[in-house]
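The values are calculated or read from the model by the stated rules, or taken from the named source; none is laboratory data. Values in this document were obtained by computation on a predicted structure and should not be read as measured data. In this analysis, Cβ positions are derived from the backbone assuming ideal geometry, glycine residues included, and neighbour counts consider all displayed protein chains. Ligands, DNA and RNA are stripped out before the accessible areas are found, and what is left, the full protein with its side chains, is counted by its heavy atoms. Shrake-Rupley method; radii C 1.70, N 1.55, O 1.52, S 1.80 Å.
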Amino acid sequence: MRTKVLVASVILALLLVSCGEPASTPTEVVSEPTATKQPEPPAATAEPTAEYTANFESAPCPMRLPLGQVEGNTVECGYLVVP
């Protein structure tokens, strides 16, 4: 009986030792940044750009106004026209 306990203890110790091995840790791969050529910005044109003026066109309010707000008095609804 004593021999069986000794053999079982040895087998258990071997199993615990073999399971206790640390797993290999993944290695971190660090790559060096590669130089990428940035695109050239567009060349400035000598032509002047057309200037514009934004226009506001009044229109009825499409939503219900909060309490205390009066269309045309405290609130002005409409559209802002831009290019």
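What to note about this one:
- Residue in region 33-52 that is under 39 Å from the mean Cα position of the chain (by Cα), polar (S, T, N, Q), open to solvent by 80 Å² or more (accessible area, probe 1.4 Å) and modelled with pLDDT of 80 or more present: no
- Matching residues, region 53-82, being touching an Asp or Glu at 6+ places or on another chain (Cβ under 9 Å), open to solvent by 80 Å² or more (accessible area, probe 1.4 Å) and part of a strand (DSSP E or B): F56, S58, Y79, L80
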